[in-house]
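S.K.: Shown below is the structure under consideration.
Every read-out reported here was derived from the displayed coordinates using simple, explicitly stated rules and does not represent laboratory data. Computed from a predicted model, the values in this text were never measured in an experiment. No Cβ is skipped: glycine too gets one built from the backbone with ideal geometry, and neighbour counts run over all protein chains shown.
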Amino acid sequence: DAGVTQSPTHLIKTRGQQVTLRCSPKSGHDTVSWYQQALGQGPQFIFQYYEEEERQRGNFPDRFSGHQFPNYSSELNVNALLLGDSALYLCASSPLDSNYGYTFGSGTRLTVV
Amino acid sequence: GQSLEQPSEVTAVEGAIVQINCTYQTSGFYGLSWYQQHDGGAPTFLSYNALDGLEETGRFSSFLSRSDSYGYLLLQELQMKDSASYFCASPDTGRRALTFGSGTRLQVQP
């Protein structure tokens, strides 16, 4: 049973560019959340998707947007990249309204130069 | 809002027992989870406490005291592979977002 799959694993972008990260959730999970993890810090919640709708958003600017597809997979888009966007971006899937037991992917390491 | 505090680093020797503490401040409380993350890897769910008391899963145990807004993760019979970062986390009021502590880096020495 495949867990959460993210692509690409590593990415280098230039300031001002746009990036799209992809996530396939664990089989049986219908809810996808995205987190940003800076080096040496805990993950920070970006947003959560369910039934192709954004259910909740964390404290991130509108440059961060997302999408969920009918097969539950998801994309995270970041526009106008800043150096401070360099981080590990984690996707987590779960059953709806689960309090625990989120399954995380290994993440995409984004470096903005 | 929510905040969770944990020590930044803990060092222990192989075979020993180590406790990683977490204190939290939340506007609503829906339980405390623990995750393990090796360098470059995915956070992996370890345990969850919704009610006061001890939950045991093999070498790992987790404890919660809601009256003290405090929990801990206990790792027994430490192995070198336990060297990793450990995060406590709690769902927000809407149970849609997890708030994480800043993580405790555990170094297991031979």
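S.K.: Any residue that is closer than 21 Å to residue B:101 by Cα and part of a loop (DSSP other than H, G, I, E, B) - is there at least one of those in the stretch A:59-79?
M.R.: yes
S.K.: All but one of (1) within 19 Å of residue B:38 (Cα to Cα); (2) more than 9 Å from every other protein chain (Cβ to nearest Cβ); (3) part of a loop (DSSP other than H, G, I, E, B) hold for residue A:15; which doesn't?
M.R.: (1)
S.K.: If residue B:80 meets every condition in (1) surrounded by 12 or more Cβ atoms within 10 Å (Cβ to Cβ); (2) more than 19 Å from residue A:94 (Cβ to Cβ) apart from one, which number is that one?
M.R.: Only one criterion is unmet by residue B:80, namely (1).
S.K.: Cβ-Cβ below 6 Å, separation at least six or inter-chain, first residue in the stretch A:50-69 and away from every other protein chain (no Cβ under 14 Å) and surrounded by 13 or more Cβ atoms within 10 Å (Cβ to Cβ), second of a type in the set (Val, Ile, Thr) and outside any strand (DSSP E or B): which pairs?
M.R.: none
S.K.: Another question, if that's okay. Just need a number here: residues in the stretch A:91-113 that are crowded, with 19+ Cβ neighbours inside 10 Å, in contact (Cβ under 8 Å) with a residue 60 or more places away in the chain and closer than 17 Å to residue B:92 by Cβ.
M.R.: Going through the stretch A:91-113 one residue at a time, the tally reaches 3.
S.K.: Next question, about the same structure. Within the stretch B:96-110, how many residues are surrounded by fewer than 16 Cβ atoms within 10 Å (Cβ to Cβ) and either within 14 Å of another protein chain (Cβ to nearest Cβ) or outside any strand (DSSP E or B) (or both)?
M.R.: Of the residues in the stretch B:96-110, 1 are surrounded by fewer than 16 Cβ atoms within 10 Å (Cβ to Cβ) and either within 14 Å of another protein chain (Cβ to nearest Cβ) or outside any strand (DSSP E or B) (or both).
S.K.: Being part of a loop (DSSP other than H, G, I, E, B), aliphatic (A, V, I, L, M) and more than 26 Å from residue A:107 (Cα to Cα) is the filter; apply it to the stretch B:39-64 and report the residue that is nearest to the other protein chains (Cβ to nearest Cβ).
M.R.: B:50
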